[in-house]
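Worksheet: one structure, shown below.
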Amino acid sequence: MLAKTIPAKAPGQAGRRVPTQQRARARVERMLAAAEELLVANGIANLKLGDVAERAGVPIGSVYEYFSCREDLLGALAERHYRVIEADTAKRFADIQTIEAMLVAVDLAIAEAWTYVRDNPGFREILCGVQAWEGLRELDWEDTMTNARIIAAAAAPFLPKIDADDVLALFLVVCDAAGSTARLSLHFGAYEHTLQKTFREMARNQFIELVRLNATR
């Protein structure tokens, strides 16, 4: 059963050291800010821990103290962005009372996610690198599942006759397709508006179809 067998969280960066003192947290923040600037300037393939240390004004040993490799640092950056998106999703789908409100929330969530990608060039680099880095793929799947669970929980009251696995599966597909469509729009920028419009209509229509099926059972 999908809803029971897939964990809410995929394996994360469990081995990463977490700074506890304010001074250490500030240093790590400088490293992450420097890494994001370098991502935007040079691309994900050219990110080097030595360059991060130089940009952040810290010894290279300080970088390795918290990030054992480039993938670990990229994972920390990705997690920050994914947690923002998940918080926005939770807020958007809180206290949905009607089917129409659910449809509006789906539209707005897609538009807001698109805006977030467009306004955060560092995250755009990470999103485009998801396919190449195993650690980023794990985090992307975790984010996909988290958002799908949030949306499925909001939709469930309107679909009492639809199996919970089917509801979750729909929004897993929608959330995964959102990332894929965003990557397409980054590569084919001239089609961004059309891609977003097509995807929003697809997501709405799939939910409406489940509502229709629920009414016929």
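Only one entry of Ala148, Ala164, Ala111 meets the criterion of being surrounded by 21 or more Cβ atoms within 10 Å (Cβ to Cβ) and within 23 Å of Met202 (Cβ to Cβ), and that entry is Ala148.
For the range 91-150, how many residues meet the condition of being aliphatic (A, V, I, L, M), touching a Lys or Arg at 6+ places or on another chain (Cβ under 7 Å) and more than 30 Å from Asn46 (Cβ to Cβ)? So that I can check it myself, show each step before the final result.
Going residue by residue through the range 91-150, those that are aliphatic (A, V, I, L, M) are 94, 96, 99, 101-106, 108-111, 113, 117, 126-127, 130, 132, 136, 139, 145, 148, 150.
Pick out the ones that are also touching a Lys or Arg at 6+ places or on another chain (Cβ under 7 Å) and you get 103, 105-106, 108-110, 117, 127, 130.
From what is left, the residues that are more than 30 Å from Asn46 (Cβ to Cβ) are 103, 105-106, 108-110.
Total satisfying the criteria: 6.
Just wondering, is there one or more residues in the range 38-56 that are more than 15 Å from Gly135 (Cβ to Cβ), hydrophobic (A, V, I, L, M, F, W, C), over 25 Å from the mean Cα position of the chain (by Cα) and modelled with pLDDT of 95 or more? Yes, the range 38-56 contains at least one residue that is more than 15 Å from Gly135 (Cβ to Cβ), hydrophobic (A, V, I, L, M, F, W, C), over 25 Å from the mean Cα position of the chain (by Cα) and modelled with pLDDT of 95 or more. When Ala87 is tested against (1) surrounded by 14 or more Cβ atoms within 10 Å (Cβ to Cβ); (2) of a type in the set (A, V, I, L, M, F, W, C); (3) at pLDDT 90 or above, only condition (1) is not met. The helices (runs of 4 or more DSSP H) located wholly in the range 111-217 that include 3 or more residues which are modelled with pLDDT of 95 or more and within 19 Å of Thr98 (Cα to Cα) occupy 134-155, 164-187, 192-216.
State whether the residues of the range 92-104 include one that is touching a Phe, Trp or Tyr at 6+ places or on another chain (Cβ under 6 Å) and either over 21 Å from Ser185 (Cβ atoms) or surrounded by 19 or more Cβ atoms within 10 Å (Cβ to Cβ) (or both).
Scanning the range 92-104 turns up at least one residue that is touching a Phe, Trp or Tyr at 6+ places or on another chain (Cβ under 6 Å) and either over 21 Å from Ser185 (Cβ atoms) or surrounded by 19 or more Cβ atoms within 10 Å (Cβ to Cβ) (or both).
The values are calculated or read from the model by the stated rules, or taken from the named source; none is laboratory data. Bear in mind that the values here come from a model prediction, so they are computed numbers and not experimental data. Here Cβ is always computed from backbone atoms with ideal geometry, including for glycine, and neighbour counts include all displayed protein chains.
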